[in-house]
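**Q** Dumping the structure here so I can ask a few things about it.
The values are calculated or read from the model by the stated rules, or taken from the named source; none is laboratory data. All values derive from a computational prediction rather than experimental measurement. For neighbour counting, all protein chains shown are included, and Cβ atoms are generated from backbone atoms with ideal geometry for every residue, glycine included.
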Amino acid sequence: MRRGLLLLIAAAMALAGCTSGTTATPAPGGAMTSAAGGGTTPAPGDGTTSAAGGAATTSGAGATVSSAPAGGTAVKGWSTTRRFHGTIVGGRSYLIGRMRWSWRRGCPIDPARLRLLQVDYWGFDRRVHRGELVVHRDHARRILVVLEKLFKVHYPIQRMRLVDAYRADDDRSMAANNTSGVNCRRVSGSSHWSEHAFGRAIDLNPLRNPYVTRSGRVSPPAGRPWANRARAGAAMIRPGDKVVRAFAAAGWRWGGYWSGSRDYQHFSATGR
């Protein structure tokens, strides 16, 4: 009798040992967080893979990436000790509140399908700043990796603010050399939606990388000195450089390769 009881207790302890360990529990918003140091199950559409060697964690609809600086030769005047930090933030109500001008009813995409990236970037002053960019949720993770790569090679960005800071006026945003993503607007001179309206395009340092039409019109107008792509200038994007390659690795194409008119600031998932 006593022997049988001891065997029963031993079996129960063994069963408890088998079932203890890592368990995954759902976090608010549908993401999964791991317990006891286990793996992480990705939230729909966002993914949780690490970005270029950094660790990624999820909490609700967001994801955070932090990585150590890349190795290699230091650039004179630039810090080599700063780490990149990037966060992906979702939430329909939150984004509607942040996008008072760049989104409205009738736009071709619902804010629930967008994500806000909050990232570190190197400014023209060679200091680290915090910027914000909205893109489609399907591209958020890849663009976070792109921005980390730009940070690691010290590509300078003058400013990165939501176009709502300029009441979604694209001309004003470009004139400020502002790097931006989502803006619910039409293609200039067309009835077609811009790729920016879908969260599938980014304009990077538009003053230093202007849009130049076949006839020679430059937008923004103050970018005319940089329409001459043979000149030297910080933040100018050139064929095959590290910026173009970083976006290409994410499957995004550069407007500087267009025939006819060239949009040197423009990167998009569709090539349009």
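**Q** Condition test on Phe124, is it over 11 Å from the mean Cα position of the chain (by Cα) and not in a helix (DSSP H, G or I)? Give the derivation first.
**A** Details: over 11 Å from the mean Cα position of the chain (by Cα): yes; not in a helix (DSSP H, G or I): yes.
It is true that Phe124 is over 11 Å from the mean Cα position of the chain (by Cα) and not in a helix (DSSP H, G or I).
**Q** Hey, any hits in the stretch 148-163 for a residue that's within 15 Å of Gln265 (Cβ to Cβ), in a helix (DSSP H, G or I) and among the hydroxyl-bearing types (Ser, Thr, Tyr)?
**A** no
**Q** Identify the residue in the stretch 91-113 that is exposed (fewer than 15 other Cβ atoms within 10 Å of the Cβ) and outside any helix (DSSP H, G or I) and, among all such residues, is nearest to the chain's Cα centre (by Cα).
**A** Asp110
**Q** Take the stretch 207-236 and flag every residue that is touching a strand residue (DSSP E or B) at 6+ places or on another chain (Cβ under 7 Å) and in contact (Cβ under 8 Å) with a residue 12 or more places away in the chain.
**A** Selection gives Pro210, Tyr211, Val212, Ser219, Arg224, Ala227, Ala234, Ala235.
**Q** While we're looking at this one, here's another question. If Leu116 satisfies every condition in (1) more than 29 Å from Pro225 (Cα to Cα); (2) aliphatic (A, V, I, L, M); (3) part of a loop (DSSP other than H, G, I, E, B) but one, which is the exception?
**A** (3)
**Q** Residue check: is Ala232 surrounded by fewer than 16 Cβ atoms within 10 Å (Cβ to Cβ) and either in contact with a Cys (Cβ under 9 Å, 6 or more places away or on another chain) or at pLDDT 95 or above (or both)?
**A** Judged against the criteria, Ala232 is not a match.
**Q** Scan the stretch 145-175 residue by residue and report those that are surrounded by fewer than 19 Cβ atoms within 10 Å (Cβ to Cβ) and over 19 Å from the mean Cα position of the chain (by Cα).
**A** Passing the criteria: Arg167, Asp169, Asp171, Arg172, Ala175.
**Q** Which residue out of Val89, Val128 is hydrophobic (A, V, I, L, M, F, W, C) and without any contact (Cβ under 8 Å) to a residue 40 or more places away in the chain?
**A** Val89 is the lone residue from the list that is hydrophobic (A, V, I, L, M, F, W, C) and without any contact (Cβ under 8 Å) to a residue 40 or more places away in the chain.
**Q** Being part of a helix (DSSP H, G or I) and of a type outside the set (Phe, Trp, Tyr) is the filter here, so list the residues in the stretch 234-272 that pass it.
**A** Lys242, Val243, Val244, Arg245, Ala246, Ala248, Ala249, Gly255, Gly256
**Q** Given the criterion part of a loop (DSSP other than H, G, I, E, B) and closer than 23 Å to Cys107 by Cβ, identify the matching residue among Ser188, Ser215.
**A** None of the other options fit; the residue is Ser188.
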